[in-house]
């Protein structure tokens, strides 16, 4: 990590910890913000020279079958949002997860920008979850964690 991204990660954690309860950093260094039906992951990374990148993403549904209908829905509708996108997250040995994510240049991230991005990403993930779960199955990440 560069000094810039180290400071930015500390700032992001502090801002989110003030706003939300239960905020913590997981073993991979992501800041985790719990919501009612999902969690927001905030990754502060050295992906871009000197500016860093902040990626905010939230699982929509986990444990569903990767069907042609689901794949078509994501392909045709995944980018139809004012900000962010709906996409698949695949981890080896795990069923696919459907996520909503949004990335920002690190140098553009301020406290109000980050708080708004986290709220919008988590809120959109929860809304899309209510819309798609009856159609495609799966469950919330929080339901999976309770099993």
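Taking 7 Å along the Cα-to-C-beta vector as the label spot, tell me the residue 108-residue 47 distance in nanometres, rounded to one decimal.
Roughly 1.3 nm, to one decimal.
Using the alpha-carbon atoms, what tilt in degrees (0 to 90, nearest 10) does helix 68-77 show relative to the longest principal axis of the chain?
Tilt relative to the chain: about 40 degrees.
Arrange the following residues from fewest to most other Cβ atoms within 10 Å of their Cβ: 91, 45, 131, 99.
With the sparsest Cβ surroundings first, the list reads 91, 131, 45, 99.
Determine, from the Cβ-Cβ distance of residue 90 and residue 18 and an R0 of 41 Å, the FRET efficiency 1/(1 + (r/R0)^6), rounded to the nearest 0.05.
0.75
Using only Cα atoms, tell me the angle between helix 111-136 and the longest principal axis of the chain; keep it within 0 to 90° and round to the nearest 10.
Rounded to the nearest ten degrees, it is 10.
In Å, what Rg and Dmax follow from the Cα atoms of the chain?
My reading of the Cα-based Rg and Dmax gives 15.3, 46 Å.
Using a/c under 1.5 as the rounded threshold, could you call segment 7-61 rounded, prolate or oblate? The axes a ≥ b ≥ c are square roots of the C-alpha gyration tensor eigenvalues, and prolate needs a/b larger than b/c, oblate otherwise.
oblate
If you build a Gaussian network model of the chain, linking Cα atoms that sit under 10 Å apart, which residue out of 122, 30, 58 swings the most?
Of 122, 30, 58, the most mobile in the Gaussian network model is 30.
With axes computed from alpha carbons, what is the tilt in degrees of helix 3-19 against the longest principal axis of the chain, rounded to the nearest 10 within 0 to 90?
70 degrees
Values in this text are rule-based calculations from the coordinates and carry no lab data. Nothing here was measured: the structure is a model prediction, and the numbers come from that model. With ideal geometry, Cβ positions are generated from the backbone for all residues, glycine too; neighbour counts draw on all protein chains shown.
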